[in-house]
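Below is one structure, written out as structure tokens; the observations come after it.
What follows is calculated from the coordinates using simple rules that are stated; it is not laboratory data. On a predicted model such as this, the values are computed, not experimentally measured, just so you know. Using ideal geometry, Cβ is built from the backbone for each residue, glycine included, and neighbour counts are taken over all protein chains shown.
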Amino acid sequence: MLNKMLGLRIDPGLPNARPDPREEGAGLGMLAQGMFRKLLCFERRRAERSGRHFVLMLLHPGNLLATANARAVPKLVSIISASTRDTDIMGWYKDDSVIGVIFTEVSADDKSSVQTLSGKLTDALHSGLTVPEISEIKVTFHVFPEDWDEDPEDPITATLQMALATEVNRKPISRLVKRLMDMGGSVLGLLLCLPLFVIIAISIKLTSRGPVLFKQVRLGQYGRKFTFLKFRSMYVNSDYRIHEEYVTQFIMGSAGAAQTAGTEQKVYKLTADPRITPVGRFLRNSSLDELPQFLNVLLGEMSLVGPRPPLVYEFERYDLWHRQRLLAAKPGITGLWQVDGRSRVKFDEMVRLDIRYARSWSLWLDLRILLQTPRAVLSRNGAC
């Protein structure tokens with residue numbers, strides 16, 4: 001599963017109009033590595049939205065790239081170009097080392113599509129190259145999304161990780177300041193809330209059996225698993241399937257939509273949950289059950305501001321484009337969804353808010369969200 005998570009990335013912001021690979025190329029008339037990889041990411045994002053398939057062909061020319069065989073390379077490129085459609089994209093997947101071709105909008109029958117493409121290319125190579133030249137060539141096909149991330153060493157995964165690293169490190173100084181703010185804020189929060197920790201712990205112990213803290217495996221940024229901390233608000237040995245069913249319905253857009261009193265606004269939340277204790281209901285409505293997450297922030301697993309970390313079974317129900325939120329930012333105690341939406345918005349809109357936060361992120365935005373969080377909590381508007 002981790003490989004699938006690492007295969008995600010945020011769109012680098014390409015324009016809607018794609019350049020013609022026949023005109024924008026360099027050297028042998030192909031796209032340079034940087035542009036080709038950007039278009040690969042663009043095609044991935046488009047496929048995530050449309051649900052349509054595409055195929056990436058990687059061709060390793062081997063010793064044909066040596067100076068002595070230089071004449072074979074233009075011939076090879078010409079053969080590949082003649083075997084592709086105008087809508088396909090050809091370029092250097094790895095500069096002067098690996099040639100890539102993106103076959104867009106292929107048939108949903110992946111095996112048939114790959115066999116057709118492979119057969120067409122093989123026939124073209126045999127008709128245009130000598131046997132020794134053909135023996136130097138290695139060709140692999142990768143279908144999106146079926147076999148995209150099966151191999152952790154898969155070159156596509158490496159490509160997207162490289163592009164993601166570029167995206168993540170665009171603001172290293174600001175991100176360092178954000179980490180320092182997280183550390184300072186979490187220490188301050190723990191100190192100020194220490195009396196509350198004691199009161200809440202005693203209340204939990206006196207009203208129900210079980211531990212004070214509830215520990216749960218969640219997925220952080222890039223799919224890293226960590227132990228998520230909350231004050232226990234449920235009875236021990238509660239049936240998690242109630243929440244799993246709710247999460248499935250919520251992601252599908254059909255979870256408990258209820259009218260709020262006196263308004264036309266709908267609230268999407270799990271109501272009348274029998275697993276929650278009386279004290280736990282108060283803790284949830286007041287968001288006091290979230291206080292132990294200051295420890296997660298101090299450990300670097302979470303941030304003060306960011307998307308909420310999903311459960312493993314929640315992630316397994318995501319559409320492809322939903323998974324961008326695992327790359328959007330480090331998960332947070334509060335975020336744009338908490339102050340602008342909470343349970344008043346559907347899941348798709350929650351994901352869009354998370355992605356919008358990542359794309360427009362700044363320290364000032366974090367400060368605004370932190371300042372608005374107490375009002376959102378005290379109003380209990382849409383709180384779960």
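Neighbour counts of C-beta atoms inside 10 Å place 297, 351 in the sequence 351, 297, starting with the fewest.
Footprinting exposure proxy ranking of 99, 173, 200, fewest other C-beta atoms within 10 angstrom first, gives 173, 200, 99.
Among the listed pairs 205/225; 178/230; 94/330; 75/120; 38/94, a Cα-Cα separation exceeding 19 Å is found for 205/225; 178/230; 94/330.
Taking a ≥ b ≥ c as the square roots of the eigenvalues of the alpha-carbon gyration tensor, region 172-379 is classed rounded because a/c is under 1.5.
By the count of neighbouring beta-carbon atoms within 10 Å, fewest first, 364, 92 end up ordered 364, 92.
In region 172-379, a dipole from Cβ-located charges (positive for Lys and Arg, negative for Asp and Glu) runs towards its positive end, and of 318, 212, 355 it is 212 whose Cα lies farthest in that direction.
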